[in-house]
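> First, the structure itself, so that you have it in front of you.
Just so it is clear, none of the values below were taken in a lab; they were calculated from the coordinates. Everything quoted here is computed from the prediction, not taken from an experiment. Please note: Cβ atoms are built from the backbone with ideal geometry, for glycine as well, and neighbour counts cover all protein chains shown.
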């Protein structure tokens, strides 16, 4: 049985995704139990987020990465649907614009980090710049090679200035992806999610897995470690992430700020 | 009994806030009934928002205005807490930055409008530029005078290019504001919401009400009418707004897009 702690990628270690079981149910007895735990954690995340917002000093950044159909949108729905929209913002990273490309690769990322008091969720992220960009050879290899350390330094600065970072790689099997892509073709309500380009990426499955392994190995740091989340079962994936987000917020111990005035200083007329 | 339709400010009419009862319970029998209706509407808003997102062609902009303690944050919580964070974004408009002030007053607003497929919520808005800015005489009177038509033209362009606009003025009485400000002093969990500046604004209550009346009269248009929501009772306020947002989304009739391909065009290997 894999525990939630085992999902961590120890800094400096070498990741082999084949060693990570995407189908494990972790410590959850069944789907019902996992869903109940997720709902409880989601309610607690909402409650803690309210205090984090009132405190207004620190931020939480949740980075979600995974191949197509890995379940990024579903995770956001299951874990954060209960969280008040005032204090949370989802940032989807699609193909960069011309203006983005006219800057360094972290430019558009930096302006999207969460403000103090809020939770930011990156749906994809700067890690695409060492994943799809690497597999498709969109920039020279030596430039990509430098990016791992550039990312680590950037994230370190964020952590040192008050942002806690959680990074989740949603790990699905090639067989599970096939089922999910097929479902997007078969179910008219999922047609809008289907993109022919997803099949091109699937054809390079091994290249993507290798790029993931390199980035997980190079960018799991003490200050912002990666976690590899078994994602073939959606209820396991969401339960694991909800639990970790909740525990992280608990560890942050957000508190209502103590004002620099006394209630009796004011009289309301 | 006031119906939801009576909340509308007819374009071209002259608003007198004294004629609008902030305490009315509308058609709701009691708090329990109103809260149940709000919860149902919130779930339906979440469902419709998913389809609006899938459709990806149109946006909904919800503008919330009201004096301090009028309940803007509470409205967002009650009506939109169930909505998935992927398709919703709250934009708080605080005091403008130096960069904002170096541009026309609609510059920061325009870059904050919701993208296609999403719901944007303005917590305060460009209307502050004809409210607090007017009361405090932060810009010359003739410049403010021009803003009403500038706002109307700006909103017309947004509507014509695919954004539906809902504008709610949360109407509370001076007595209710006193209670709520006092609660912020008395309850340590609300201390963080208290600002001494709120008392300065309260001292100019009549000036603010007059500025609201002018702006409601001048900027309630066929394409983006104002609604004055009775807000002394939080459950009435939230139930009314949830109902109107739901009906608006229903009237928009979002649909899953029809793809330009056939499922049988693809084979997933």
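> Using only C-alpha atoms and all pairs of different ones, pull out the Kirkwood radius for chain A in Å with one decimal. Walk me through the intermediate numbers first.
On the way: mean 1/r = 0.0507 Å⁻¹.
The Cα-based Kirkwood calculation yields 19.7 Å.
> Also: Would you please give the FRET efficiency between residue B:182 and residue A:145, computed as 1/(1 + (r/R0)^6) with r the Cβ-Cβ distance and R0 = 45 Å, to the nearest 0.05?
Working: r = 61 Å, r/R0 = 1.37.
Using R0 = 45 Å, I get an efficiency of 0.15.
> Next up: State, as an integer percentage, the relative contact order of segment A:81-146 based on alpha-carbon contacts under 8 Å between residues 6 or more apart.
Working: 44 pairs, mean separation 24.8, N = 66.
Once normalised by length, the contact order is 38 percent.
> Where is the GNM fluctuation largest for chain A (alpha-carbon springs, 10 angstrom cutoff): A:101, A:64, A:48?
Its mean-square fluctuation being the largest, the pick is A:101.
> Could you give the nm distance between label points at residue A:102 and residue A:5, where each point is 7 Å from its Cα heading toward the beta carbon?
It works out to 5.1 nm between the two label points.
> Could you line up B:107, B:235 from fewest to most neighbouring Cβ atoms inside 10 Å?
Ordered by Cβ neighbours within 10 Å, fewest first: B:107, B:235.
> Along its principal axes, what span do the Cα atoms of the protein assembly as shown show, with the longest given first and each in whole Å?
So the extents along the principal axes, rounded to whole Å, are 70, 56, 49.
> Just A:222, A:98, A:250 to compare: in a GNM of chain A, with alpha carbon springs under 10 Å, which one fluctuates most?
A:98
> Under a crude label model (7 Å from the Cα following the beta-carbon direction), how far is residue A:23 from residue A:137 in nanometres?
Taking the simple label geometry, residue A:23 and residue A:137 are separated by 3.6 nm.
> Between A:189, A:82, A:237, find the one with the highest GNM mean-square fluctuation for chain A; connect C-alpha pairs within less than 10 Å.
In this elastic network of chain A, the residue with the biggest mean-square fluctuation among A:189, A:82, A:237 is A:189.
> On to the next question. Could you give the nm distance between label points at residue A:213 and residue A:33, where each point is 7 Å from its Cα heading toward the beta carbon?
Taking the simple label geometry, residue A:213 and residue A:33 are separated by 3.3 nm.
> Next question, about the same structure. Using alpha carbons only, how many degrees (0 to 90, rounded to 10) separate the axis of helix B:174-186 from the longest principal axis of chain B?
80
> Distances in nm, one decimal, shortest first, from residue A:40 to the same residue in every other copy, taking the label point 7 angstrom along Cα→Cβ.
Residue A:40 label point versus its equivalents elsewhere: 3.2 nm.
> Across the residues of B:260-267, average count of Cβ atoms on other protein chains within 10 Å? Walk me through the numbers on the way to the answer.
On the way: counts 0, 4, 1, 8, 1, 2, 8, 3.
Taking the mean over all residues of the peptide, I get 3.
> Inter-copy label distances at residue A:162, 7 Å along the Cα→beta-carbon direction, one decimal in nm, shortest first?
Going from nearest to farthest copy, the values are 3.7 nm.
> In cubic angstrom, how much convex hull volume per residue do the alpha carbon atoms of segment A:1-131 span?
Working: hull volume 19.4 nm³, N = 131.
Cα-based convex hull of segment A:1-131, divided per residue, equals 148 Å³.
> Under 1.5 on a/c is rounded, so check that first for segment B:144-259, then, if it is not, pick prolate when a/b is larger than b/c and oblate when it is not; a ≥ b ≥ c are the square roots of the alpha carbon gyration tensor eigenvalues. Could the numbers behind the result be given before it?
On the way: a/c = 2.51, a/b = 1.51, b/c = 1.66.
It is oblate, given that a/c is not under 1.5 and a/b is not larger than b/c.
> Give the nm distances, rounded to one decimal, from residue B:259 to the matching residue in every other copy, measuring between label points 7 Å along Cα toward the beta carbon; shortest first.
5.6
> Ok, one more. Helix B:141-160 versus the longest principal axis of chain B: what is the Cα-based angle in degrees, 0 to 90, to the nearest 10?
The two axes meet at around 20 degrees.
> Considering every residue in B:81-89, what mean count of other chain Cβ atoms within 10 Å of its Cβ is obtained? Provide the component values of the computation, followed by the final result.
Working: counts 7, 3, 2, 8, 15, 10, 2, 4, 5.
Mean shielding by partner chains, rounded to a whole number: 6.
> Tell me, what is the percent relative contact order of chain A, built from C-alpha pairs under 8 Å that lie six or more residues apart? Show your work: numbers first, answer last.
Working: 392 pairs, mean separation 96.1, N = 269.
Rounded, it is 36 percent for chain A.
> So what's segment A:186-245 giving for Rg/Rh, alpha carbon basis, Kirkwood Rh from the mean inverse pair distance? Write down the numbers at each step before the final one.
On the way: Rg = 15.3 Å, Rh = 14.4 Å.
My calculation puts Rg/Rh at 1.07.
> Based on the Cβ-Cβ distance from residue A:159 to residue B:14, what FRET efficiency comes out when R0 is 45 Å, to the nearest 0.05?
Numbers: r = 56 Å, r/R0 = 1.25.
For residue A:159 and residue B:14, the calculated efficiency is 0.20.
> Where does each of B:193, A:234 land when they are ranked from fewest to most other beta-carbon atoms within 10 angstrom? Working shown, then result.
Working: B:193 16, A:234 19.
With the sparsest Cβ surroundings first, the list reads B:193, A:234.
> Turning to a different aspect of this structure: Counting only other chains, what is the mean number of Cβ atoms within 10 angstrom of the Cβ of each residue in peptide A:143-154?
Numbers: counts 0, 0, 0, 0, 0, 0, 0, 0, 0, 0, 0, 0.
For this peptide, the per-residue mean of nearby foreign Cβ atoms is 0.
> Right, something else. Report, as a whole number in µm² per second, the diffusion coefficient that Stokes-Einstein gives for segment B:74-157 at 20 °C and 1.002 mPa s using the Kirkwood radius over alpha carbon pairs. Show your work: numbers first, answer last.
Working: Rh = 14.3 Å.
Answer, rounded: 150 µm²/s.
> In what order do A:106, A:249 fall by count of nearby beta-carbon atoms within 10 Å, going from fewest to most? Can you show the working numbers first?
Numbers: A:106 16, A:249 22.
Ordered by Cβ neighbours within 10 Å, fewest first: A:106, A:249.
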